[in-house]
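*Asks:* Next up is a structure, given as structure tokens.
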Amino acid sequence: MQGPGLFTQIMSQVVAGIGHVAIRWRRRQGGVERQAMGTQPSIPQARPQGILPTLKMPTARGWAPGKRPVAAAGLKVNAFASGLDHPRWMLVLPNGDVTVAEACFLPGTINSLFDYAMVSTMARAAATGQSANRITLLRDADGDGVAEHQEPFLKDLRQPFGMALLDGTFYVGNTDGLVAFPYQDGQTRIDAAGTPLASFKPGGHWTRSLLPSPDGRKLYIGVGSLSNIGDDGMAAEEGRACIWEHDRQTGQTRLYAEGLRNPVGLAWEPTTGALWTVVNERDGLGDETPPDYLTSVREGGFYGWPYCYWGKTVDDRVPQDAARVASALQPDYALGGHTASLGLCWLPAGTLPGYPDGMVIGQHGSWNRSTLSGYKVIFVPFVDGQPSGPPRDILSGFLAPDESESWGRPVGVTIGPDGHSLLVADDVGNVIWRVTGA
């Protein structure tokens with residue numbers, strides 16, 4: 001893993017020192033807050049951080065030989081594939097091959113010393129750098145739970161993330177648009193040029209997740225905001241902080257739901273047929289304010305960003321729109337503040353021993369809080385189509401106990417080709433982990 005340059009290291013150390021002072025002061029002011037979790041979370045009053053936001057990220061180390069995350073009781077974990085370059089998202093193909101999107105955040109225009117310091121800190125945490133801009137194919141031909149074949153599948157993309165395969169067409173969510181490629185079953189490489197289908201504004205929250213409708217007629221695309229709270233004006237946010245719907249037959253793309261600051265993982269809940277997503281909420285209001293969340297997504301729904309959060313709690317840092325606030329929907333399930341919940345998939349009962357129906361969530365981990373959160377894979381049980389009960393850990397141990405180093409950061413999650421395993425993309429460890437029964 002290539003580290004940041006000397007000046008970048010110095011700047012990240014300076015801002016870490018400033019952040020440490022800010023963290024100690026904020027802890028003295030209010031202590032450590034209880035995580036805002038579940039369907040009825042206790043969300044602390046906002047504490048705007050002003051020009052001195054909490055900035056805390058561990059140094060990315062990767063995994064030492066023989067080390068791995070900690071699997072929950074009754075489970076075990078092994079490396080399905082390693083030696084990747086920022087693996088973020090996965091798709092299991094019908095023949096059992098697994099495609100992995102490798103890409104990372106690229107900083108935009110730096111307008112201040114603090115912008116540079118933040119980017120420097122992200123580089124130290126391996127949250128930014130050179131983007132591989134490719135999709136790699138993994139094949140476990142002998143079925144032993146380790147992919148012995150690893151080769152480039154698609155190259156020269158633009159920060160690829162979401163993928164889908166429908167009727168001989170392989171779809172890719174690049175940061176700047178939806179692209180389609182011809183595909184034949186068993187193909188290990190695509191050399192054909194892609195066909196652009198829809199355009200999106202790049203930059204900011206750059207990931208573009210894809211999810212086909214159950215009947216395969218439509219694709220749903222998550223597009224995050226450019227900024228934290230519309231910092232550059234709402235004109236710059238047009239078409240962002242939303243989920244788009246692409247009709248494969250007509251080629252038309254329309255807004256499906258709005259006010260979702262950074263909706264990344266998408267999944268269908270089979271009992272009700274509802275679309276669900278995990279959303280990264282805004283920064284700068286405190287350790288637990290507001291929490292990231294898991295929510296069902298209503299067609300035409302508005303979920304508050306940037307004017308308000310968790311329903312109709314107004315963010316007074318933002319020029320207000322009373323009509324939008326009045327229409328804001330409250331999310332279904334709080335996931336704790338700044339967990340960076342990115343990955344999402346439905347886990348049918350029995351896929352992993354001891355786990356009923358529910359959603360699996362890959363939590364990439366926080367930076368804007370005094371005590372780090374996330375850095376694990378969790379499970380939220382569902383009953384009758386709704387979250388029911390507290391979350392359970394599936395994988396942990398990505399973060400050092402003193403929070404100074406991270407050995408990995410989980411992102412995408414998906415059911416493995418055998419139907420009885422869970423695959424987890426770790427973009428700091430550069431590994432795809434495979435979780436099964438012990």
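*Asks:* Do you know which residues across the range 210-246 are in contact with a Ser or Thr (Cβ under 6 Å, 6 or more places away or on another chain), among the hydrophobic types (A, V, I, L, M, F, W, C) and touching a residue at least 60 places away in the same chain (Cβ under 8 Å)?
*Replies:* Across the range 210-246, the qualifying residue is only Ala241.
*Asks:* So, one more: What single numbered condition from (1) surrounded by fewer than 22 Cβ atoms within 10 Å (Cβ to Cβ); (2) touching a Leu at 6+ places or on another chain (Cβ under 7 Å); (3) not small (Gly, Ala, Ser) fails to hold for Trp305?
*Replies:* Among (1) surrounded by fewer than 22 Cβ atoms within 10 Å (Cβ to Cβ); (2) touching a Leu at 6+ places or on another chain (Cβ under 7 Å); (3) not small (Gly, Ala, Ser), Trp305 violates only (1).
A quick yes/no check of all residues on (1) in contact with a Phe, Trp or Tyr (Cβ under 7 Å, 6 or more places away or on another chain); (2) crowded, with 24+ Cβ neighbours inside 10 Å; (3) in a strand (DSSP E or B):
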residue: Ala326; (1), (2), (3): no, no, no
residue: Gly343; (1), (2), (3): no, yes, yes
residue: Trp346; (1), (2), (3): yes, no, yes
residue: Ile361; (1), (2), (3): no, yes, yes
residue: Gly374; (1), (2), (3): no, yes, no
residue: Pro381; (1), (2), (3): no, no, yes
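*Asks:* Test Gly265 against the stated conditions and say whether it is closer than 20 Å to Phe105 by Cβ, small (Gly, Ala, Ser) and either at pLDDT 95 or above or crowded, with 20+ Cβ neighbours inside 10 Å (or both).
*Replies:* So Gly265 fits the description; yes.
*Asks:* Still on this structure: Taking Ala73, is it buried (at least 22 other Cβ atoms within 10 Å of the Cβ), over 18 Å from Val146 (Cα atoms) and either at pLDDT below 95 or of a type in the set (Gly, Ala, Ser) (or both)?
*Replies:* So Ala73 does not fit the description; no.
*Asks:* Taking the residues in the range 247-279 that are in a loop (DSSP other than H, G, I, E, B) and either under 14 Å from the mean Cα position of the chain (by Cα) or free of Cβ contacts under 8 Å to residues at least 24 places away in the same chain (or both) as candidates, determine which candidate is farthest from Ser42 (Cα to Cα).
*Replies:* The residue in question is Thr250.
*Asks:* Would it be correct to say that Pro196 is under 23 Å from the mean Cα position of the chain (by Cα) and more than 23 Å from Thr414 (Cα to Cα)?
*Replies:* No.
*Asks:* Does the range 280-297 include one or more residues that are outside any loop (DSSP other than H, G, I, E, B) and either among the aromatic types (Phe, Trp, Tyr) or modelled with pLDDT under 95 (or both)?
*Replies:* Scanning the range 280-297, I find at least one residue that is outside any loop (DSSP other than H, G, I, E, B) and either among the aromatic types (Phe, Trp, Tyr) or modelled with pLDDT under 95 (or both), so the answer is yes.
The values are calculated or read from the model by the stated rules, or taken from the named source; none is laboratory data. Since we're looking at a predicted model, the values are computed, not measured. With ideal geometry, Cβ positions are generated from the backbone for all residues, glycine too; neighbour counts draw on all protein chains shown.
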